[in-house]
Structure formats: C-alpha cells, structure tokens
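J.: Sending over a structure as structure tokens; questions will come in a sec.
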Amino acid sequence: MTISVLSVASEAYPLVKTGGLADVVGALPAALAPHDVATTTLLPGYPAVLAALNRPRAVHRWADLLGTPARLLAGTLDGAQPLLALDAPALFAREGGLYADALGRDWEDNWRRFAALSRAAADLATGAVKGRRFDVLHAHDWQAALAPAYLRYAGAPVRSVMTVHNIAFQGRCDAAIFDALGLPPEAWAIDGVEYYGGVGLLKGGLEAADAITTVSPTYAQEILEPAFGMGLEGLIAARRARVHGIVNGIDPAVWNPATDRALPARYTDRTLAKRVVNKRAVEAAFGLEEGDAPIFCVISRLTWQKGMDVLAECLDALVAMGGRLAMLGSGDAALEHAFRLAADRYPGRVGVRIGYDEPLSHLLQGGSDAILIPSRFEPCGLTQLYGLAYGCVPVVARTGGLADTVIDANEAALDAGVATGVQFDGVTRETLTAAIARTVAIHRTPDRWTTLQRRGMRSDFSWAKSGERYARLYRELLSA
Ligand code: ADP
Ligand code: GLC
C-alpha cells in the first residue's frame, strides 16, 4: 500500500534555504519514493515559493487562520514533486529573511506565522481539503511543531512524526500567545504546550507526536543529557521508546562531483587529479597564493554551535603549519569580524567571504583539500557528507552526526584503508590544532591522502538506508 505523507517545514531546497533543514526536506520525497511513500510538501507562501509553484490552484480558503485570511495553493515543483503553499500575505509576503528582517531581527510574529502553518497542516491532514487524504503528518523542527499538537487535540486518526533537526531552536514564546493559538484549555499543561511558564512550540510537538526522530543515532543519545537536551532532556527521556535516530543522506542530483556544474573540472574517485583545476579556482576566488599546501575550507553559519570561536584561535597555528584557509560563512558579527581580521593578517594564506553563496560552496568542496567542522554539537551535519562525496576530507569534532558518518584516520584505520576523515574529542584550541596537524601530516604522504579521499568518496552517504528507515517507521505507526 502506498503511504501518503504530508511533510511540513519552513524551508526546502531549492526554493528557500538557510541551512541543512532545507536540504533534507528537499531531498526526502525522492528518498522515500522507492519505498512506496508519496510525499507532499507544505511550505509557507514566501514570495520565492509562490513564484516557483507550477500551475498553482487554490484548493482551500480560511477566512480567519490565526487572525488572517489565507488560502492553500496546490501545484508542483518542476512539474513533478507535489507542493502546497500557504498563501497568507500578512504573514509571509515580506522582504528580508525567512525568520528575520533585513537587519537580522527576528520577526515579532514568528509564533503566529508558524502556528498558522501548523494549523493549516493539521486541517489538511484531517481532511479539510476535498480529495486530499494523508496517512502521516511529518513535521520538521519548531516551525512545524504545533501541527502534531493540533492533530492530537482534534483527536484525528492521522499519525504524526516530529523530526528534531536541532533541539537548540525551540520556539519558546510568552504565555500570552496561548489564547491566540486556538488550542483547547487542556493544552495548557505540563504534557501539553506549556513550557517553563511560557509556550514551547517544539515542546508541544514532542509531547504530541506518535514518533520523534532526530537526525543521527548519536544525537538521539546525546539529547538525553542536559548539556545537549537544552531543557528538553527530561521529555526526551520520558518518551525514549518513541525516539529514533535516523541519519541524513545527501541528494545525488545536487551533490555529485561527476556532474556538478559549479565545478570548473568535474571528476570521480578515479580522476582525482582533475581536482587541481578546482583548487586553482578556489585560490583565485579567495585570494590565496598558488601552491600545493593544503587548503582547509569552512562552509558554515558562524556561531558558537559550530565552534567558530575556537577555530579563530587556531589560525596562527594552521598558517604556521603551512596550511591555508578558505572560509565562506556568515553569522555572529564578532566572529565575522575576527575572521576578516585574520584575512588581513595573513594575506594569501587566509581568505574569507562573508555571505551566503550556494555555487561557491560547491566549488569549495570540489577544490579544497579538507573541510573543518569543529562543532560543539551537531545533530547530523551535511557539509561533512558533501566533503566525503567530493574528496574534501572532513576534519570533525566527535559529536552527533559527525561521530556517526566519519571514520577517523588513526594508524590502524589508515593501515586497513578504511579511514575517511579526521576526528577529535572536545572542541578546544589544543584538540583542534592537533587535528589540523594530523591532517597536514597525512597530506604530506600523497598515497595515504588519496586513499583517504577515495575511501570517503566510496562510503555510503546515500539516502538508501535512511529512506527505508523512515518508511518502516511510518508503516509501524500505521499498523500500531
Ligand atoms: P546547519 O543546518 O546546522 O547550518 P548543516 O551542515 O546541516 O548545518 O547544513 C548547512 C547547509 O548550509 C549545507 O548545505 C551548507 O553547504 C550550507 N551553507 C552553510 N553556510 C553557507 C554559506 N555561507 N553559503 C552557502 N551555503 C552554506
Ligand atoms: C540542523 C542541524 C544540522 C543538520 C540539519 C539537517 O540544522 O544543525 O546538524 O544536519 O539540521 O538535519
């Protein structure tokens, strides 16, 4: 039997993206299709989403959806993938970012914007739109988290899955918004949406969902601890039997060095020598001097989570070891400033691009030697998977999905030819510097380095296993 899934999220590649969530939501439909799962994706009607919707048809109208008129537009993406957009101009027709204005200030009504998205999803799943039927509602992160809660209080038979891509972002709101959510009074409870005296959007979804998933097995364990659970560890522990860690895969239509149009030279694991053309292009793009010395790249939000403050402290050592850095990222102003200063201090050795640039991120993976990911926590992480696929050796902290997807190049693993990257424990100046030193040392032995690259390129970063795991979870929920 084909299972019909409504996937609800606030972003999806290639339409709207601020991070890995978009990549995963964008890739899921194709990952699930081989397992007899038909996915429809529901997104906010941001201008970019409405513009991309092929042959939109209005299939439903709300006179008052959390205080504003709205309609549901149905269409397809690229003529194939079914896509629904919540067209509510008062909420989504805005210049600026998905969650914040052009100056980076969070929109004050984010709770209303995403509660409306969640309400629309729940209505849709419970049959509000004629001819549409769903077996499972799959909500991603806090922006969609009220959808399982609305379903629960509607007493609907539809099953729900709540996926946590990052438990640090919880959608915590003032208690005063509760009345406007349109939930029944009993939802204001410790096992409802109430959270430390306010409303917790993610909390409400985690309480209500039939299953909770997160994006790697290690992170599923880590969030049982206060240091990673960020206040929700007790809830996760109490619902432990329903928590599953399913690692992300990558979309081969977007991330494949043999077909990637963003690369001056395309290559496979058998034609790695061609990467040098891309390395020259990286040097040119980042103002680095030409040479064989290893280029470490960073493609990241510049935040505490990503350990970027620690990396800033390691740059003198990295340069002293003969390494170079090509950084693409944006985020905290203080970190942006620190890396700009480093680029001034080391012209030709450290190149920094502050901003967001999708094609440049592909070039970096296809031309740099290694990618640095010193995250303090990382639910899954995608850039290490792209690194593996592109022969750009991941140098990662041993946490979350980084621990689950990279095999450390210790002596035994190198000798056995199974290593795919470099891992280190605990994110400090000392541990990261030592990891960089280890990487530089392996890079000096070209045979070992190419073996490391090849082994990474041949590792399984596909959606095959994880697509199957999600499909199995849906089936288990439906037969329960
Ligand atoms: P997170 O979602 O926590 O930011 P992930 O590793 O899961 O981390 O995903 C990050 C995604 O965003 C990847 O697709 C990465 O290539 C992309 N990305 C991050 N920063 C930039 C940037 N400055 N320019 C282009 N792409 C970026
Ligand atoms: C979040 C996490 C990241 C994960 C991504 C996709 O943004 O921070 O680790 O890869 O979601 O699941």
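The values are calculated or read from the model by the stated rules, or taken from the named source; none is laboratory data. Quick caveat, the model's predicted, so the values are computed rather than measured. A quick note on method: Cβ atoms are made from the backbone with ideal geometry, for glycine too, and the neighbour counts reach across all protein chains shown.
Residues checked against (1) within 28 Å of D260 (Cα to Cα); (2) within 20 Å of the chain's Cα centre (by Cα):
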position	(1), (2)
C392	yes, yes
T399	no, yes
A413	no, no
Q423	yes, no
A437	no, no
A441	no, no
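J.: Can V158 be described as more than 16 Å from ligand 1 (Cβ to nearest atom) and touching an Asp or Glu at 6+ places or on another chain (Cβ under 8 Å)?
T.: Numbers: more than 16 Å from ligand 1 (Cβ to nearest atom): yes; touching an Asp or Glu at 6+ places or on another chain (Cβ under 8 Å): yes.
So V158 passes the test.
J.: Against the condition more than 24 Å from A58 (Cβ to Cβ) and surrounded by fewer than 14 Cβ atoms within 10 Å (Cβ to Cβ), how does G97 come out, does it pass?
T.: Working: more than 24 Å from A58 (Cβ to Cβ): yes; surrounded by fewer than 14 Cβ atoms within 10 Å (Cβ to Cβ): no.
No: the conditions fail for G97.
J.: Same structure again: Residue by residue through region 244-261, note down the ones that are away from ligand 1 (no atom under 13 Å from the Cβ), buried (at least 20 other Cβ atoms within 10 Å of the Cβ) and among the β-branched types (V, I, T).
T.: I246 - this is the single residue of region 244-261 that is away from ligand 1 (no atom under 13 Å from the Cβ), buried (at least 20 other Cβ atoms within 10 Å of the Cβ) and among the β-branched types (V, I, T).
J.: Listed residues S361, S368; which is more than 11 Å from ligand 1 (Cβ to nearest atom) and crowded, with 18+ Cβ neighbours inside 10 Å?
T.: S368
J.: Evaluate region 295-312: report whether one residue or more is more than 17 Å from A397 (Cβ to Cβ) and either surrounded by fewer than 19 Cβ atoms within 10 Å (Cβ to Cβ) or in the same structural domain as G366 (by TED's automatic domain parsing) (or both).
T.: Residues of region 295-312 that are more than 17 Å from A397 (Cβ to Cβ), as a first pass: 295.
From what's left, either surrounded by fewer than 19 Cβ atoms within 10 Å (Cβ to Cβ) or in the same structural domain as G366 (by TED's automatic domain parsing) (or both): 295.
Checking region 295-312: at least one residue is more than 17 Å from A397 (Cβ to Cβ) and either surrounded by fewer than 19 Cβ atoms within 10 Å (Cβ to Cβ) or in the same structural domain as G366 (by TED's automatic domain parsing) (or both).
J.: Find the helices (runs of 4 or more DSSP H) located wholly in region 81-168 whose residues include 2 or more that are within 16 Å of ligand 2 (Cβ to nearest atom) and assigned by TED's automatic domain parsing to the domain that holds A9, and list them.
T.: Numbers: elements: 89-92, 110-125, 141-144, 146-154.
Hits in region 81-168: 141-144.
J.: Here is a list of conditions, (1) touching a Leu at 6+ places or on another chain (Cβ under 7 Å); (2) surrounded by fewer than 19 Cβ atoms within 10 Å (Cβ to Cβ), and L335 meets all of them except one; can you say which number that is?
T.: The one condition L335 does not meet is (2).
J.: Could you grab me the full set of residues in region 1-14 that are within 16 Å of ligand 2 (Cβ to nearest atom) and not aromatic (F, W, Y)?
T.: Going through region 1-14, the residues within 16 Å of ligand 2 (Cβ to nearest atom) turn out to be 7-14.
Within region 1-14, S7, V8, A9, S10, E11, A12, P14 meet the criteria.
J.: Taking region 93-108 as the region of interest, how many residues are in contact with a strand residue (DSSP E or B) (Cβ under 7 Å, 6 or more places away or on another chain) and within 15 Å of T18 (Cα to Cα)?
T.: Pass one, region 93-108, residues in contact with a strand residue (DSSP E or B) (Cβ under 7 Å, 6 or more places away or on another chain): 98-100, 106-107.
Still in the running and within 15 Å of T18 (Cα to Cα): 98-100, 106.
So the answer is 4.
J.: Here is a further query. Given the conditions (1) in contact (Cβ under 8 Å) with a residue 40 or more places away in the chain; (2) farther than 23 Å from A88 by Cα, which single one is not true for A139?
T.: Going through (1) in contact (Cβ under 8 Å) with a residue 40 or more places away in the chain; (2) farther than 23 Å from A88 by Cα one by one, A139 breaks only (2).
J.: Here's something else I'd like to know. So the check is Cβ under 7 Å with 6+ separation or different chains; which pairs have a first residue in region 241-258 that's under 15 Å from M162 (Cα atoms) and modelled with pLDDT of 95 or more and a second one that's aromatic (F, W, Y) and within 14 Å of ligand 1 (Cβ to nearest atom)?
T.: G245/Y219
J.: Here's another thing I want to ask about it. Is it fair to say V199 is away from ligand 1 (no atom under 16 Å from the Cβ), buried (at least 16 other Cβ atoms within 10 Å of the Cβ) and farther than 30 Å from S466 by Cβ? Break it down into steps so the answer makes sense when it comes.
T.: On the way: away from ligand 1 (no atom under 16 Å from the Cβ): yes; buried (at least 16 other Cβ atoms within 10 Å of the Cβ): yes; farther than 30 Å from S466 by Cβ: yes.
Taking the combined requirement at face value, the residue satisfies it.
J.: Next up: Are any residues in region 244-264 under 19 Å from the mean Cα position of the chain (by Cα) and aliphatic (A, V, I, L, M), and if so, which ones? Before you say what the answer is, go through the steps one by one.
T.: Here is the first cut: in region 244-264, the ones under 19 Å from the mean Cα position of the chain (by Cα) are 244-256.
Matches in region 244-264: I246, V247, I250, A253, V254.
To keep it simple, each residue is scored yes or no on (1) more than 25 Å from the chain's Cα centre (by Cα); (2) within 18 Å of S330 (Cα to Cα).
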position	(1), (2)
V277	yes, no
A285	yes, yes
I299	no, yes
Q305	no, yes
M308	no, yes
